[in-house]
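First up is the structure itself, then whatever we jot down about it.
Each value in this text was obtained by applying a stated rule to the coordinates, not by laboratory testing. Remember, predicted model here, so these are calculated numbers, not experimental data. Positions of Cβ are generated from backbone atoms using ideal geometry, with glycine treated the same way; all protein chains shown enter the neighbour counts.
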């Protein structure tokens, strides 16, 4: 058996995005103990920078030691108790996954459906809140990675709060790429992924919980079914002060990488990052339009960091992706679920979101089509 | 905010162990997509080498994308259904954690207790099997990381199999450091960690499941409460063939590291690795004995890779550990749970298990005490 040498790809799919050399090199720093005082300091800095990225003062802001799917599960398994009514908005794959999470732990999911490619319709959410006065939670995806649609998180949270519901928000693809204000918008529980617009390597899920959410978690009448994700325990490790209780062994080196990506974010500035994602999206859109390629999502809810476009008629879509990968070393994403075979997903996330990559991708697409 | 520079520690605690430079440098290789054909090939090689490490031909042998605690949870949440009777052997912290896993998902845990520092008593296990003919599973820890005791996994599995039970075995600390033969010993479900004797960075949990275990998982009458750990879904991603179904985004770079550590294992040879852990243990034991330091665990069940020793009387144990860390850059482990303040845990795992480290540790201990 030989060491593995990965090919030199340009990652323009729905994530992971290209990882900056600074972050890769941070990953290779010497592993230290997960209870080492030096490590605890790094954890504190990571929490602080994640608060900046989420625009929140929530004390419980930290990365879950597993991918975004586990971050999603951490939110649901801690906040939903058996029998709880949860309004789940579905406009793509990840809304459906939220529903799966609710029902597996015995919650009662009330579904608000929207067409894939459309944003969540706030009017339907309001109607569902009126129809279900006993609902306790509203859950929705801010940026649907399967469709490239951005929903109005601010408005949906306002509606939920007005009806006494707490909110669970999927920000896997939006964090750092699109405007997102956890405190201003009244988001109670939110999860993201390290491998999208943060451009760190996959494997961590930044989360944040409001005081209201923590109150629900610490006053449950049933234990959390997951020991690994029970925030009552995880808080002891990621909590305040120098004394941390051992819970699990943190993924030390992956956390080095996340820390470095957050340092780079503070250097660039959050608003600048949002603006960069937007301006590069406009460049790509211009080029795609010249190739006669059209977007799935209407302009007002189009995600800049994830460009879902219809596959031109008569194109063998798998062959195109394969040519891009093998001849140009460019990865773009296929459609998921109902949109498989119908769309491509071109990511411009984090370190991938650079002008030179847009040129490379457009030129390769033009030659391939 | 500045980039993080970890201090240059020697990791002689209960894990993580020192990571070899080859593995660190593998982690820094360029991130590629988790569905890239090159990555799928690397996954296949990883599975194959994990089969070698576990001494099994189990097709379902792979790393869970999260730390050992999640590997434990993957075993219990998939194999235990509400109401199932599970015999859980407790002789340390991790046995207690197994019990937590069983009860949180509605299983009925029958406890076989042994003193901390002693191995699991097979006679008690047999008695419990006789007393509970409706028990479905026997769960125990092969190498108790909290005490340094090794239990007779072969014999306990034989007893369980004779009574028609399947077995769940914690091999977090034993894998690659102590003799372990999954197929020969009839182990049905087993989990380990990447950061112990494999000396990869923390964050992955290698697991393996027998056909009998898979049959139970695929014939459950209730859904697995965890979506993230549901092996019915995970198998679609880590399963056979080139066509993999997206489940979650694999921690790409951490898997590079695990792959490299397994390549190094195949170079050294599994039996040679067991022997190295044993001979270095004997060296450390000799030195500790000269310092008048005694072991918690009786010789026949003493783990070579985790040396649990009584703190000499009149010693300020926290001060000693702190001096070792700050003046010598050596990390050793404190006691956990009931053994906090009573023992130290000196790890000789994986890349840490080298003669020069034993000299460094003994000399630093001598000067400090």
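Distance between Cα centroids, segment B:254-279 to segment A:227-273: provide it in whole Å. What the calculation gives is 30 Å, centre to centre. Shielding by partners for peptide A:251-263, expressed as the average number of C-beta atoms from other protein chains within 10 Å of each residue's C-beta, is 5.
For chain A, modelled as a GNM whose springs connect Cα atoms under 10 angstrom apart, the maximal fluctuation among A:320, A:207, A:297 occurs at A:320. In this label model, residue A:158 and residue B:5 are separated by 4.9 nm, measuring between points 7 Å along each Cα→Cβ vector.
Segment A:102-142 and segment A:329-346 have Cα centres separated by 26 Å. Per residue, the convex hull spanned by the Cα atoms of chain B measures out at 141 cubic angstrom. Just tell me how shielded B:60-70 is by partners: mean number of partner chain Cβ atoms within 10 Å of each residue's Cβ, no decimals. Taking all residues of B:60-70 together, the mean is 4. Computed from the C-beta positions of residue B:181 and residue A:115, the FRET efficiency with R₀ = 56 Å rounds to 0.55. When peptides A:349-356, A:168-175 are sorted by average Cβ neighbour count within 10 Å, with the highest value leading, the order is A:168-175, A:349-356. When the square roots of the Cα gyration tensor eigenvalues are ordered a ≥ b ≥ c, the ratio a/c for segment B:226-369 is 1.5 or more and a/b exceeds b/c, which makes its shape prolate. Take each residue of peptide B:10-21, count the partner chain Cβ atoms within 10 Å of its Cβ, and average: the result is 3. Extension gain, residue B:108 to residue B:38: 0.36 nm times the residue separation minus the Cα-Cα distance gives 20.8 nm.
Within the listed set B:335, B:186, B:83, the Gaussian network model of chain B (springs between alpha-carbon atoms below 10 Å) gives the highest mean-square fluctuation for B:83. Spacing of the modelled spin labels on residue A:367 and residue B:290, each 7 Å from Cα toward Cβ, amounts to 6.7 nm. Put simply, when A:5-16, A:218-229, A:254-265 are sorted by average Cβ atoms within 10 angstrom per residue, most first, you get A:254-265, A:5-16, A:218-229. Here the contact order of chain A, divided by its residue count and restricted to Cα pairs under 8 Å and six or more residues apart, works out to 25 percent.
For the protein assembly as shown, a Kirkwood hydrodynamic radius built from all Cα pairs, placed in the Stokes-Einstein relation at 4 °C and 1.567 mPa s, yields a translational diffusion coefficient of 49 µm²/s.
Springs join every pair of Cα atoms under 10 Å in this Gaussian network model of chain A, and among A:300, A:119, A:312 the largest mean-square fluctuation is at A:300.
A helix-only calculation puts the protein assembly as shown at -13000 deg cm²/dmol for mean residue ellipticity at 222 nm, using -39500 (n - 2.57) for each DSSP H run of at least four residues, averaged over all residues.
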